[in-house]
Amino acid sequence: MKKLLLFITVLFFGVYSTQAQDETSYGFAQGDWVLGGGITFANADDGDTEETSASTIAPSAHYFINDSWAIGASVGLMSMEMGSTKESNTVIGVEARNYFLNMGERTMWYYNMGFSTASGDSFDDSLSTIGVGLGMNYFMNENIIIDFSLANLFSYAKQGDSSAMTVGWSGEINNVRDTATLSIIFKL
C-alpha cells in the first residue's frame, strides 16, 4: 500500500511539473529583445499626372531594461520617384516604452516617448521631432505579437527656424512617424 501511495505521489508531481513547463508565458522580461518594423510600397498613375512611386523600409529593435520598460531605435529609409524626379530620405529614431496595463494575459497597453530626426532630399534642413504616443500589443503566441500604435499624440517638431506643436491625433497621414500603425513584431 505504501508503494502504491508513493507511486501515485511521484506520478502526480511528475505530471504537474511537466504541465508547468508547457504553460505559455506571455509578456516581457528584463533582457528580452523585440524586433519589428515596416515595409511599404505605393504606386499611383491616374493618367493625368506623372506616375508616382514610393517605398519605405523601417526596421526597429527594442531591449527590455526591466519587465515594463524598453528602450529602442529605428531607422527609416524612404525613396520616392515622381516622373524624372527622385528623392530619398532617412529617419532615425530612439524611444522608450512603458507597459502600464495588462488586459488579460495576451493584451498589454503601453505609452512611448521618442525623438526622431529626418533628413534627405525632401528637407532643406533636418526635421527633429519629439513625440508621445499610445499603443497596444496582442500576443498571438509567446514570440509573435501584433502591435497597434497611435504615434505622436503629443509632438513638437522643429525644422530650421520653423517649429510646430501638436496635441491629439488628427487622423492625417503626414509621414512615417505620425500615423496609426498595425504591425507584427517578434520577441527573441
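Every number here is computed from the coordinates shown, using simple stated rules; none is lab data. Only a predicted model underlies this, so the values are computations on that prediction, with no experimental measurement involved. Every residue, glycine among them, receives a Cβ derived from its backbone with ideal geometry; neighbour counts consider all protein chains shown.
Each 5 Å bin from zero up to the one holding the largest Cα-Cα distance in region 32-187 carries the following percent of pairs: 2, 8, 16, 21, 18, 15, 10, 6, 3, 1, 0.
Fewest first, what order do VAL132, VAL167, VAL34 take by the number of other Cβ atoms within 10 Å?
Ordered by Cβ neighbours within 10 Å, fewest first: VAL167, VAL132, VAL34.
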